[in-house]
Amino acid sequence: MREKELVEYIAKALVDNPDRVTVKETQGASVTVLELHVDRDDMGRVIGKDGRVANAIRTLLKVAAGDRRVVLEIV
């Protein structure tokens, strides 16, 4: 599973409005940036208390990416 699909899958499982989840992927020279967009009402679910959920998603993303550098931004 590619990183973009992984983030989308996890986010859709967490939110109340999965149809409003989108992930935009931007390839750079040495980094890939993933922008996760969710409904405003679901933002807290994706970020979590003290950012714990967001950090857990980033950890899973780091494992899935292996040697590549992937950055997740939640907007």
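A few notes on this one:
- Among Leu14, Leu36, Leu61, the residue with the largest mean-square fluctuation in a Gaussian network model of the chain, with springs joining Cα atoms closer than 10 Å, is Leu14.
- Put simply, the amide H of Val70, placed in the peptide plane, has neighbours under 5 Å in Thr32, leaving out anything fewer than 5 places away on its chain.
- Principal-axis tilt of helix 52-65 within the chain, Cα atoms, nearest 10 degrees: 30
- For the chain, share of DSSP beta bridges that run antiparallel, in % to the nearest 5: 55
- Overall Cα dimensions of the stretch 3-74, principal axis frame, Å, largest first: 34, 22, 16
No value in this document is a laboratory result; all are computed from the given coordinates. Worth saying up front: this structure is predicted, and the values here are computed from it rather than measured.
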